[in-house]
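Peer 1: Can you keep this structure in mind? I'll have questions shortly.
The values are calculated or read from the model by the stated rules, or taken from the named source; none is laboratory data. The shown structure was predicted, so the numbers you read here are calculated from the model rather than taken from an experiment. All Cβ positions, even for glycine, are placed from backbone atoms using ideal geometry, and neighbour counts span all protein chains on display.
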Amino acid sequence: MKIKYKIALYYTLSASLMLIAFAVLAYYFSAKSRKAEYLERLEYRARSIANVIIEDGNVKVDLLRKLDRTTFQDLYKETILVYNPSYDLLYSNLKDTTIRTHRSLLDYIKQNKLYSYDKGNGEVVGVYYTEGDMSVVVLVSSFDKYGFQNLQNLRQILLLELVTAVLILVGVGYFFARKMVQPIDRLVQQVDSINANNMQDAQVAVKGKDEIATLGANFNTMLQRLSDSFDLQKSFVSNASHELRTPLAAIISQLQVTLSKERTKEEYQSVLASVLEDAENLSDLSNGLLQLAQSELNQEQFVFASVRIDELLMDMANLIRLKQKAHNKVDIQFIKVPENELLVTCFGNESLLKVLFLNLVDNACKFSPDNSAHVCIDFFTQYLTVQIKNQGPLITADEINKIFEPFYRGENAHQTRGHGLGLSICKKIVQIHNGHITVTSNEEGNTFTVILPHL
């Protein structure tokens, strides 16, 4: 069922239940008021009859009969019974009818002075009336014809009003439900028109400040993120294909040229060295792509443990030397001496952290004129910082915002071997560890700062 139909249905049901409840209460209290009013009238009637027949200490039934033949009877289907204290029938307005009144009922009226009850054809009121030394029991019954007729009319009016009100509520509920759901319908239509081809420029219209407008704004934000992700994916695939094709094409072309005719031993060695260099380049690219893919995994998919960052950095110099096969200098120093090893211990994945600092220190040495990198370790209340500095070519302000993108290489990196994957891998690894990485470039050199929470 559509939402607008649900809204209209719930609105109609709730409003109808309230109207039915009010109608039932109105009818109930009207019926109760009618009964109380009519019983009061019957009681007044009974006392009036008793007052009429007792005069000067005697019971004068003849006067009651005379009044009964004239205008005394004015209630519909009225029955009047008058008994003396011995329960002898003194008067009855019923003719040719056997009269039976239970003695227990007369005892109750005599004892309690007043009694009223319902019977099938109306209400009955019994009164024990005393004036001077004379007492009588008067029973008056009647059917409230006009009262019940008014209740029947009220019931018909209420039913008619309820049916009319429910029909109006259905129309009004559907109208307002459709008005409420119109923004959602427009949002759905706009979303249906969005696909992978027009996602970059597509946005849903946002009007107002209600929940639907918030939903539209959040959807636009999500759409922009998806568009950026798709653009990044396209760029990644394109760059990865290009980077993979270049060394492969170089290897194939060199081998084809070499095999075209006989070569000397020195020429074969030169070609093999060149092919080996291209193969190593291809191997570095494959490893970088694998590390980038691993860094895209969630934190739950890695095994985390306590890792001493200072000890991890101490191994960087040997790893850089083995990787680059050249003399590199890595200078590591503490800004403050830690009193507790927990201040320089991070809860993380040791393999990923090695990749992180290996890439950063390797880049610092690779782009430094003297192949040196300066590493500074500092710590604060809740986190520690590692700064990797070098004196290489400065990074422009425009490039600082792009260097963490996959396959992006700055102007100062074109003369150096690489593929532009290292920094993007570093950023992913830092994010997995709930940290931050920033870069600054000024006359003092380039500085990469890694912030990680410590234990």
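Peer 1: Based on what the data block shows, is Asp118 part of a helix (DSSP H, G or I) and of a type in the set (Asp, Glu)?
Peer 2: Numbers: part of a helix (DSSP H, G or I): no; of a type in the set (Asp, Glu): yes.
When the stated conditions are applied, Asp118 does not pass them.
For (1) within 13 Å of Leu313 (Cα to Cα); (2) in contact (Cβ under 8 Å) with a residue 60 or more places away in the chain; (3) not hydrophobic (A, V, I, L, M, F, W, C), each residue gets a yes or a no:
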{"position": "Val337", "(1), (2), (3)": "no, no, no"}
{"position": "Asn340", "(1), (2), (3)": "no, no, yes"}
{"position": "Leu343", "(1), (2), (3)": "no, yes, no"}
{"position": "Phe347", "(1), (2), (3)": "no, yes, no"}
{"position": "Val361", "(1), (2), (3)": "yes, no, no"}
{"position": "Lys366", "(1), (2), (3)": "no, no, yes"}
{"position": "Ala373", "(1), (2), (3)": "yes, no, no"}
{"position": "Tyr383", "(1), (2), (3)": "no, yes, yes"}
{"position": "Asn390", "(1), (2), (3)": "no, no, yes"}
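Peer 1: Quick one: would you say Leu39 is part of a helix (DSSP H, G or I) and under 30 Å from Val138 (Cβ atoms)? Steps first, answer last, please.
Peer 2: Details: part of a helix (DSSP H, G or I): yes; under 30 Å from Val138 (Cβ atoms): yes.
Yes; evaluated as a whole, the condition is true for this residue.
Peer 1: Are any of the residues in the stretch 99-112 at pLDDT below 80, among the polar types (S, T, N, Q) and closer than 30 Å to Ser33 by Cβ?
Peer 2: If we filter the stretch 99-112 for residues that are at pLDDT below 80, which is where we start, we get 99-100.
Remaining after also requiring among the polar types (S, T, N, Q): none.
For the stretch 99-112, residues at pLDDT below 80, among the polar types (S, T, N, Q) and closer than 30 Å to Ser33 by Cβ: absent.
Peer 1: So which residues in the stretch 11-36 are closer than 30 Å to Lys77 by Cα and in contact with an Asp or Glu (Cβ under 9 Å, 6 or more places away or on another chain)? Step through it out loud before you land on a result.
Peer 2: Initially, the stretch 11-36 is screened for residues closer than 30 Å to Lys77 by Cα, giving 24-36.
Listed by number, the residues that qualify are Arg34, Lys35.
Peer 1: Name the single residue, out of those in the stretch 205-214 being among the hydrophobic types (A, V, I, L, M, F, W, C) and more than 17 Å from Ser193 (Cα to Cα), that is farthest from the chain's Cα centre (by Cα). It would help to see each step written out before you state the result.
Peer 2: First, the residues of the stretch 205-214 that are among the hydrophobic types (A, V, I, L, M, F, W, C): 205-206, 212-213.
Going one step further and asking which of them are more than 17 Å from Ser193 (Cα to Cα), we end up with 212-213.
Values: Ile212: 13, Ala213: 15 Å.
Taking the candidates together, the pick is Ala213.
Peer 1: Answer yes or no as to whether Glu78 is modelled with pLDDT under 85 and surrounded by 13 or more Cβ atoms within 10 Å (Cβ to Cβ).
Peer 2: Numbers: modelled with pLDDT under 85: yes; surrounded by 13 or more Cβ atoms within 10 Å (Cβ to Cβ): yes.
So Glu78 passes the test.
Peer 1: Which residue is modelled with the lowest pLDDT, if the candidates are limited to the stretch 114-138 and must be in contact with a Gly (Cβ under 9 Å, 6 or more places away or on another chain) and within 20 Å of Tyr38 (Cβ to Cβ)? Write out each step before concluding.
Peer 2: Just the residues of the stretch 114-138 that are in contact with a Gly (Cβ under 9 Å, 6 or more places away or on another chain), to begin with: 114-117, 131-134, 137-138.
With within 20 Å of Tyr38 (Cβ to Cβ) added as a condition, the list becomes 114-117, 138.
Working: Leu114: 91, Tyr115: 90, Ser116: 89, Tyr117: 85, Val138: 90.
Checking each candidate, the answer is Tyr117.
Every residue, every condition in (1) surrounded by fewer than 16 Cβ atoms within 10 Å (Cβ to Cβ); (2) in the same structural domain as Arg45 (by TED's automatic domain parsing); (3) not hydrophobic (A, V, I, L, M, F, W, C), yes or no:
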| site | (1), (2), (3) |
| --- | --- |
| Asn93 | no, yes, yes |
| Tyr115 | no, yes, yes |
| Lys119 | yes, yes, yes |
| Val124 | no, yes, no |
